[in-house]
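The numbers here are math on the coordinates, done by the rules we state, and not lab data. Owing to the predicted nature of the structure, the values given are computational and were not obtained by experimental measurement. Using ideal geometry, Cβ is built from the backbone for each residue, glycine included, and neighbour counts are taken over all protein chains shown.
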Amino acid sequence: MKKKVLGIYGSPRKGGNSDQLLDKALEGARSEGAETHSIYARNLKMSGCLECGGCNETGKCVVKDDMQAVYPLMEDANVIILASPIFFYGITAQAKALIDRSQAMWSKRMLEKTREERKRYDSGKGYLICVGASRGKNLFEGAELTAKYFFDALDMTYEGGLFFRRLEKGSDVRKQPEILEEALEFGKKAVEGD
Ligand SMILES: Cc1cc2nc3c(=O)[nH]c(=O)nc-3n(C[C@H](O)[C@H](O)[C@H](O)COP(=O)(O)O)c2cc1C
């Protein structure tokens, strides 16, 4: 059966560095026979999580906005690749709003799995692509922690990421074709195996 890969584009900048890298990763996944879907966080009209408790009983979010179309895509995906630039040592607000709203999927996991079963992650694999302008040693630490617990909520394992420093202008990544090639290979590897 075809693997389903969901790419979540976290940058507010259309066609920028992380967009181009995720495009390449999805191209790599498709070249290995996967089916890919894309979500652009910047296009979603949605709020962050309200911590209203609405999802505690049912595992479903009660807030009716564009996020409702994203839940089924996340549930269906065997692989999710999240891409975001670093904004103030974390992911973008747009990507974070989507992640915070996945609290409903965390509630669902709590409702459907016992404590013992929650030691297993049965819903697939998650990957991260991150870019930043500086050379900061700890530049990606915050984003990686967020991604790890995002995938945990989705009952997926966090399998690692691609991280690139010193990319600032939206076109910078095009000056380094080897990086785009790396993203292509990353996408291919993401869909390897059973
Ligand atoms: C609001 C804002 C905050 C940023 N914060 C950081 C930061 O903390 N560290 C860093 O290295 N770059 C930071 N940057 C630079 C972006 O990460 C960089 O330009 C990146 O290449 C943008 O990716 P994109 O082309 O995919 O949008 C920031 C940019 C903006 C607009």
| Karplus 3J(HN,Hα) series, Hz, for the stretch 75-83 with 6.51 cos²θ - 1.76 cosθ + 1.60 (x for Gly, Pro) | 5, 6, 6, 8, 9, 10, 10, 9, 10
| Where is the GNM fluctuation largest for the chain (alpha-carbon springs, 10 angstrom cutoff): 52, 130, 61? | 52
| request: Give a residue-ordered list of calculated ³J(HN,Hα) values for the stretch 119-124 (Karplus: 6.51 cos²θ - 1.76 cosθ + 1.60, θ = phi - 60°; whole Hz; x for Gly, Pro). | output: 6, 9, 10, 10, 9, x
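DSSP loop chymotrypsin sites (Phe, Trp or Tyr not before Pro) in the stretch 48-153 with at most 10 other Cβ atoms within 10 Å of their Cβ, which ones? Each step should come with its number before you reach the end.
Numbers: sites: 87, 88, 89, 106, 121, 127, 140, 149, 150, 151; in loops: 88, 89, 121, 140.
In loop regions of the stretch 48-153 (DSSP not H, G, I, E or B), the sparsely surrounded chymotrypsin sites (Phe, Trp or Tyr not before Pro) are 88.
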| message | Taking the Cα of residue 113, stepping 7 Å toward and past its beta carbon, and measuring to each backbone N in the stretch 158-194: which are under 11 Å? | response | 158
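At a threshold of 8 angstrom on Cα-Cα distance, excluding pairs fewer than six apart, so keeping six or more, what relative contact order does the stretch 1-88 reach in percent? Display every interim value, and only then the final one.
Numbers: 113 pairs, mean separation 41.9, N = 88.
Contact order relative to length: 48 percent.
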| task | Give me the number: length gained by fully extending residue 75 to residue 60, i.e. 0.36 nm times residue separation minus the C-alpha to C-alpha distance, one decimal in nm. | result | 4.2 nm
| Roughly speaking, what is the centre-to-centre gap between the stretch 106-152 and the stretch 22-67 when only Cα atoms are used, to the nearest Å? | 14 Å
| message | Angle check, please: helix 17-31 long axis (alpha carbons) against the longest principal axis of the chain (alpha carbons), in degrees 0 to 90, nearest 10. | response | 80 degrees
| remark: The extension gain from residue 35 to residue 52, computed as 0.36 nm times the residue separation minus the Cα-Cα distance, is 2.6 nm
| field | Length-normalised contact order for the chain - Cα pairs under 8 Å, 6+ apart - percent | value | 30 percent
| request: May I ask you to derive the relative contact order of the stretch 50-146, considering only C-alpha pairs under 8 Å and at least 6 residues apart, and to give it as an integer percent? | output: 41 percent
| said: Only sites in a loop by DSSP and with at most 14 other Cβ atoms within 10 Å count here; which GluC sites (Glu not before Pro) in the stretch 39-132 make the cut? | reply: 51, 57, 116
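If Lys and Arg each add +1 and Asp and Glu each add -1, what is the summed charge of the other residues whose beta carbon sits under 14 Å from the beta carbon of residue 140? Let's see the in-between values first.
Details: positive: 135, 137, 148, 165, 166; negative: 141, 144.
Local net charge: +3.
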| Setting aside same-chain residues fewer than 8 positions from residue 189, which aspartates and glutamates have a Cα under 18 Å from its Cα? | 23, 27, 32, 35, 159, 178, 181
| note | Violations at 26 Å Cα threshold for listed pairs 137/188; 4/148; 2/175; 60/113; 96/175 -> 137/188; 2/175; 96/175
| request: Can you give me the P(r) profile for the stretch 54-127? Cα pairs, bins 10 angstrom wide beginning at 0, each as a whole percent. | output: 17, 45, 33, 5
